[in-house]
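The values are calculated or read from the model by the stated rules, or taken from the named source; none is laboratory data. These numbers were taken from a predicted model, which means no experiment stands behind them. In this analysis, Cβ positions are derived from the backbone assuming ideal geometry, glycine residues included, and neighbour counts consider all displayed protein chains.
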Protein chains: 2
Amino acid sequence: MIQRAVILSTGDELTTGKVVDTNSNYLADKLHEVGIDLVAVITVGDVPERLEWAWRSAMGMADVVISTGGIGPTADDLTTETIARITGRRLIRDEATVEHMRRIFSSVGRPMPENNLKQADFPEGAEIIPNPLGTAPGFQLPVMDGERITHLVVLPGVPREMKPMMENWVIPWLRDNRGTDTVFAVRIFQTFGISESGLDQAVAGLIKPEEGRVAFRASFPQISLRVTVEGRPGEAERRLEELAERVRAKVGHFIFAEGDASMEEVVGQLFTKRGLKLAVAESCTGGLIGHRLTNIPGSSRYLKADFVTYWNDMKSEVLGVSADTLAKHGAVSEECVREMAAGARKRAGVDVAIATSGIAGPEGGTPDKPVGTVCVALDSENVTVSRRYQMRGTRDWVKLLTSQVALDWLRRYALELPIAESQLFRR
Amino acid sequence: MIQRAVILSTGDELTTGKVVDTNSNYLADKLHEVGIDLVAVITVGDVPERLEWAWRSAMGMADVVISTGGIGPTADDLTTETIARITGRRLIRDEATVEHMRRIFSSVGRPMPENNLKQADFPEGAEIIPNPLGTAPGFQLPVMDGERITHLVVLPGVPREMKPMMENWVIPWLRDNRGTDTVFAVRIFQTFGISESGLDQAVAGLIKPEEGRVAFRASFPQISLRVTVEGRPGEAERRLEELAERVRAKVGHFIFAEGDASMEEVVGQLFTKRGLKLAVAESCTGGLIGHRLTNIPGSSRYLKADFVTYWNDMKSEVLGVSADTLAKHGAVSEECVREMAAGARKRAGVDVAIATSGIAGPEGGTPDKPVGTVCVALDSENVTVSRRYQMRGTRDWVKLLTSQVALDWLRRYALELPIAESQLFRR
């Protein structure tokens, strides 16, 4: 019966501040999703007596200890040895693992160094956890202390190896061993355009505590909403789908994705599906919208060009913004961004163009147009929309939030929704 | 005598995976710099018995325990109470702190909620650590256990409040109480264009272990080199400057900055100082170079425009790349990027332009031009340079590395150095 966990994170790179421990955050999130109570995270460097203290402390408090790091081939990789010592197990070499490692090395045309062999040594009684993306597997070792069993789960420290092992092996195993016949069904909604408290209010009363758990996670500029339902297999998913319907009906198109997709991914899917072509004209965002769009593989199918016209003469010369508009309204005006968007659309010969201009700060603000003043426009054959917003925050926040608004407008355009429906800003 | 530390990180947001614990990384880095040995990091949620276990374990192992979080005004903020309970101290209200908090609330025109008063309660014997950016101060409490003294240092969890308290108060206090009359002098060199092993080789033998400590930190795409010297005040700095001179003489212009500056900051400083104007033409980087340049406040002084010509017809129409070049050499060719750079420079009327074109992947590779093939060109009145590179890694790595190469070329151009001197790539 696995209900309480301790995470153990090891390595000198953590205790000397060289590396941020993102593994523990990932594991904490996954454990929370599975419904396992995380008692503590303990981090120590590669020092035998500290490792021993950490393992003993962890084993005293938890039904499962999940460890990352310390199973590489070098002398300062001490995890397996430490476990063997404190549990009194001997180490047994696993020949299948040796074979697997030799194959990996020969596939890249190198002989396997002898010290790699220790990665094939496991404490007696351990169950091997395959590592599809690396040389060294992990293992799971049940340890008895009187009536109590503590399971030791040992994973590598490299995130790209650790995560698939967690997802393919450890999480299903944890679900099977939680000691109840219930499972957790989880749905994540990605939202934008509504504040955390607005979302909280919208959802309040929608889901009763006995029906499911609701959690928010703000990761600027978007806010995700996670709904978790505990129940019997099949039944939990059915009840979750019912709750998800209520959330969708209430939160509507502030939800831009279900699951982990980013706004630029969603825009990419919609533009690909609808065969729409796109151009961007940026001033204050300085290339960030183009950068985000082109982070998506295949974005060359729908993005033709991004004109970052940082100086006013470039706005005129490249996008055809009139000297009159610039003189009368300035570059940060709805008039200017409308002309930028129209100019970009025409120049690139595309279906739709989006434009931004604003004062990202920290300098350049005026009483009329303080730092954080941002104008956005979208231009297409049938629709032209523009808005002026007042944002708060540092230069990078203003840039990021503006880019998110612009991408959200593109999503709404492709879905034929009202374009500028954010509740985040007041004029 | 403070030599060993434990960091204690508290809060349910950490044990449920809502937030990545970047505070502990920051503190570990600072402790390492001061020369204090970090024994462990312990993270627990807001649960009384777990907090108590964490504090007792930490106090048993360290001369100083640095805690973040748990000193807010709400019921789940338990740090001060926990310390009072396990050390047997009573809590005393500090009237100066009450006064300070009332002033902050009245300055924003709000009455202070009664529950905030608990933030003015400190264990008897505590020394208050001022919090210039927030309501709640921290404190330092020395606790005797026989002959041994352990110092408990309590800081808020909000990074923007915690960091100045650490820098202004805790670090100087730690330096004063390390129990030696020596200090650590530290210099950080930011490098690009040389691999970690190349840098290691260059520096090997340059600095003897008894002269100073050398550490590398790779944070893609740059590698920093940290030199630390321990010695008496004044003397340590002098010896460090001597070692720094050796590093500069050996590593040369692969060092793009000393201290924490980014490549785009350095480019900004150089272009501002020299009054140079700049344009960018991007294909595979998709706006990332413009985005990075415009992250720097004041970048509108030197960046006029960034033309992200993602489609070939845009390269021709906007930048004047000839149909012949595209037909004969393709968009990913030195010929094409040279014409892109020349076209961007002419169009924007600037001193220098930089251009990129490549195959960021995961699709679009051919036997001749596999994924990771990238061409970069720089064009100015007197100099035109282009190179073809073969990069490795995912789409975002190829984009990021290409942008770093481009920015490095701009730096080298402004410094009148040879442009394309990277040792990172082989054709």
Notebook entry, point to check: Given the structure, is A:T79 farther than 25 Å from B:V47 by Cβ and buried (at least 23 other Cβ atoms within 10 Å of the Cβ)?
Noted result: yes
Next item on the list: Pick out, from segment A:242-336, the strands (runs of 3 or more DSSP E) lying fully within it that include 1 or more residues that are at the interface with chain B (Cβ under 10 Å from one of its Cβ atoms).
Entry: A:278-282, A:303-309
Item checked: Failed item in (1) crowded, with 16+ Cβ neighbours inside 10 Å; (2) of a type in the set (S, T, Y); (3) assigned to a loop (DSSP other than H, G, I, E, B), with B:T74 passing the rest -> (1)
Item checked: Given (1) within 14 Å of another protein chain (Cβ to nearest Cβ); (2) within 23 Å of B:V321 (Cβ to Cβ); (3) surrounded by fewer than 20 Cβ atoms within 10 Å (Cβ to Cβ), number of the condition B:R345 does not satisfy -> (3)
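Does A:F307 satisfy the condition of being aromatic (F, W, Y) and farther than 14 Å from B:G290 by Cβ?
no
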Check: When you go through (1) touching a Cys at 6+ places or on another chain (Cβ under 8 Å); (2) buried (at least 24 other Cβ atoms within 10 Å of the Cβ); (3) free of Cβ contacts under 8 Å to residues at least 60 places away in the same chain one by one for A:M340, which number turns out not to apply?
Finding: (1)
Checklist line | Filter pass, B:D37 being without any contact (Cβ under 8 Å) to a residue 40 or more places away in the chain and either under 30 Å from B:L240 (Cβ atoms) or surrounded by 16 or more Cβ atoms within 10 Å (Cβ to Cβ) (or both) | finding: yes
Next item on the list: Provide a single number: the residues in segment A:47-77 that are more than 10 Å from chain B (Cβ to nearest Cβ) and of a type in the set (K, R).
Entry: 1
Notebook entry, point to check: Which residues, counting only those in segment B:387-399, are over 25 Å from B:R347 (Cβ atoms) and surrounded by 19 or more Cβ atoms within 10 Å (Cβ to Cβ)?
Noted result: B:Y389, B:M391, B:R395, B:V398
Next item on the list: Mind telling me which of the residues B:V376, B:V383 ends up being β-branched (V, I, T), touching a residue at least 12 places away in the same chain (Cβ under 8 Å), touching a Lys or Arg at 6+ places or on another chain (Cβ under 9 Å) and in the same structural domain as B:S283 (by TED's automatic domain parsing)?
Entry: B:V376
Check: (1) within 11 Å of chain B (Cβ to nearest Cβ); (2) on the phi < 0 side of the Ramachandran plot: which one isn't true of A:G17, the others all being true?
Finding: (2)
Margin query: Any residue that is in contact (Cβ under 8 Å) with a residue 24 or more places away in the chain, surrounded by 17 or more Cβ atoms within 10 Å (Cβ to Cβ) and in a helix (DSSP H, G or I) - is there at least one of those in segment A:227-235?
Written below: no
Check: Inside segment A:26-46, can you point out the residues that are at the interface with chain B (Cβ under 8 Å from one of its Cβ atoms) and not in a helix (DSSP H, G or I)?
Finding: A:L38, A:V39, A:A40, A:V41, A:I42, A:T43, A:V44, A:G45
Checklist line | Single residue of B:T384, B:T356 found to be closer than 20 Å to B:F271 by Cβ, among the polar types (S, T, N, Q) and buried (at least 24 other Cβ atoms within 10 Å of the Cβ) | finding: B:T356
Next item on the list: Give the residues of segment B:124-141 that are at pLDDT 95 or above and hydrophobic (A, V, I, L, M, F, W, C), sorted by residue number.
Entry: B:A126, B:I128, B:I129, B:F139, B:L141
Margin query: Taking the criterion of being within 30 Å of A:I66 (Cα to Cα) and more than 17 Å from the chain's Cα centre (by Cα), would at least one residue in segment A:238-255 satisfy it?
Written below: yes
Next item on the list: Considering only segment A:370-381, state which residues are away from chain B (no Cβ under 12 Å), surrounded by 19 or more Cβ atoms within 10 Å (Cβ to Cβ) and not in a strand (DSSP E or B).
Entry: A:G372
Next item on the list: Determine whether segment B:165-176 contains at least one residue that is within 14 Å of chain A (Cβ to nearest Cβ), in contact with a Phe, Trp or Tyr (Cβ under 8 Å, 6 or more places away or on another chain) and of a type outside the set (D, E, K, R).
Entry: yes
Next item on the list: Within segment B:1-14, track down each residue that is assigned to a strand (DSSP E or B) and either facing another protein chain (nearest Cβ under 7 Å) or closer than 17 Å to A:V20 by Cβ (or both).
Entry: B:I7, B:S9
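Matching residues to (1) over 30 Å from B:P73 (Cα atoms); (2) modelled with pLDDT of 85 or more; (3) aliphatic (A, V, I, L, M):
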residue: B:P156; (1), (2), (3): no, yes, no
residue: B:M162; (1), (2), (3): no, yes, yes
residue: B:N177; (1), (2), (3): yes, yes, no
residue: B:F189; (1), (2), (3): yes, yes, no
residue: B:V203; (1), (2), (3): yes, yes, yes
residue: B:R213; (1), (2), (3): yes, no, no
residue: B:R232; (1), (2), (3): yes, yes, no
